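The values are calculated or read from the model by the stated rules, or taken from the named source; none is laboratory data. It should be emphasised that the depicted structure is a prediction, and the values quoted were computed from it without experimental measurement. Using ideal geometry, Cβ is built from the backbone for each residue, glycine included, and neighbour counts are taken over all protein chains shown. Areas reflect the complete protein model, heavy atoms only, side chains present, ligands, DNA and RNA absent. Shrake-Rupley method; radii C 1.70, N 1.55, O 1.52, S 1.80 Å.
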Amino acid sequence: MTSTIRVQSRLPSVGTTIFTVMSRLAADLGAINLSQGFPDFDCDPALVDAVTRHMRAGRNQYAPMQGVLPLREAIAAKYETYHGRRYDPETEVTVTSGGTEAIFDAVAACVHPGDEVIVLEPCYDSYVPAIQLNGGVPVVVTLTYPEYAIDWGAVRAAVTPKTRLLIINSPHNPAGAVLGPADIRELTALVAGSGILIVSDEVYEHIIFDGVQHESMARHAELAARSFIIGSFGKTYHTTGWKVGYAVAPAPLMEELRKVHQFVTFSTHTPVQYALADFLSDRRGLAELSPFFQAKRDLFLRLMEGSRFTPLPSRGSYFQLMDYSAITTEADADFAVRLTKEHGVASIPTSPFLHGSAAPSVLRFCFAKKDDTLERAAERLRKV
Ligand code: GLN
């Protein structure tokens, strides 16, 4: 349909997300898709059975706005067991339609026009638009390269009286970096005595390697008191298409998040919530997740030996960055497209995660794939 009517864009510099662009390109060209982060294997069939069971039992109408109680209770119990902190399922846990919705809700709940929000780049591509749509001003601090560590001096320098919020992400997408105890000390000192809030994107919380402890904000009283913690069942149960995530936060913060959530999606898919509650209440599958994905990471790294790609450390998430500077000086987005077209493997460039600094010569590969998929992809990548 043709129309001369135009919307004055609220996000003039934003196009379609790189995840949709690269997955679409991979599908169009029949390439192996190691771009968008999702498993190419199925979830536990018992989880599908559980959803079916709850549907047949008639749980097909609106869930309560804050999420069904058994799932909120299971989430609260998980935090108590893993991190020693008790969140009240009535007032401090909310189920959302994916982690991305929870992030948006948290940002919208606390950012007023003109407030500054510190993001550490590369950062997930939804953060900055969420800030901008709510009238906030993104303040970008670049992670060190190639460690993707936080330069705490730079973060301190970025804080002003207008700083409302800091968004952090561990395990980190796209870098696979994780926060350590020294980061927690720095962060605690940074926010002490201030009104700065934290959105902590912990959606890869159960995918962390080499025996390292996930430093959830929930483990640290001073940080938990000011944090919205975001989680995702898509990552934990291999069900990214179900789009169910959650937020936990102290009651006064959660009260504001819920005011947004109830008018963004109102509530989330009911039978899926009950099924997830069945699984999460006995913490089914959680302990296996890190070793399972660590084996995938190690397989992919072994298969890539002898290639001209150089791996960067991946300590968590299901992503592996590869330095391609031995192959070409092309910009990352151009090389990602050429790799898909000419070599049949799709990846994600990091430039869409960057807002100030130049993109290094790295691409992100998702290893949440069948061993056979990783083998076929690596065979192609070894020839590049
Ligand atoms: N989190 C996924 C990734 O980083 C993508 C999710 C999405 O496509 N919105 O690949």
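The table for this structure:
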{"item": "Nearest-10 value in Å² for the accessible area of Ser13, using the 1.4 Å probe", "result": "110"}
{"item": "Length-normalised contact order for the range 84-199 - Cα pairs under 8 Å, 6+ apart - percent", "result": "25"}
{"item": "For Phe309, distant residues with modelled amide H under 5 Å away", "result": "none"}
{"item": "Local net charge near Pro360, Cβ-Cβ under 10 Å (Lys/Arg +1, Asp/Glu -1)", "result": "-2"}
{"item": "The chain: calculated mean residue ellipticity at 222 nm from DSSP helix runs of at least 4, using -39500 (n - 2.57)", "result": "-12000 deg cm²/dmol"}
{"item": "Length-normalised contact order for the chain - Cα pairs under 8 Å, 6+ apart - percent", "result": "25"}
{"item": "Probe 1.4 Å, accessible area per residue of the range 208-286, Å²", "result": "35"}
{"item": "Kirkwood Rh, angstrom, the range 248-328 [1 / mean 1/r, Cα pairs]", "result": "16.9"}
{"item": "Assigned charges on the beta-carbon of Lys, Arg, Asp, Glu; the range 26-154 dipole about Cα centre (debye)", "result": "540"}
{"item": "The chain: equivalent-ellipsoid semi-axes (sqrt of 5 x gyration tensor eigenvalues, Cα, Å)", "result": "31, 26, 22"}
{"item": "Part-to-part distance (alpha-carbon centres) for the range 313-327 and the range 134-186, which is given in Å", "result": "20"}
{"item": "Difference of contour (0.36 nm per residue) and Cα-Cα distance, Glu330 to Glu288", "result": "11.2 nm"}
{"item": "Alpha-carbon centroids, the range 61-112 and the range 240-284: separation in whole Å", "result": "5"}
{"item": "Pairs beyond 24 Å (Cα-Cα), from Lys78/Lys369; Lys235/Lys341; Lys341/Lys369; Lys235/Lys296; Lys162/Lys235", "result": "Lys78/Lys369; Lys235/Lys341; Lys162/Lys235"}
{"item": "Solvent-accessible ranking of Met322, Met65, largest area first, probe 1.4 Å", "result": "Met65, Met322"}
{"item": "Within the accessible area of the range 110-167 (1.4 Å probe), percent carbon and sulfur", "result": "57"}
{"item": "Choice from Pro12, Pro129, Pro352 with maximal GNM fluctuation in the chain (Cα, 10 Å cutoff)", "result": "Pro12"}
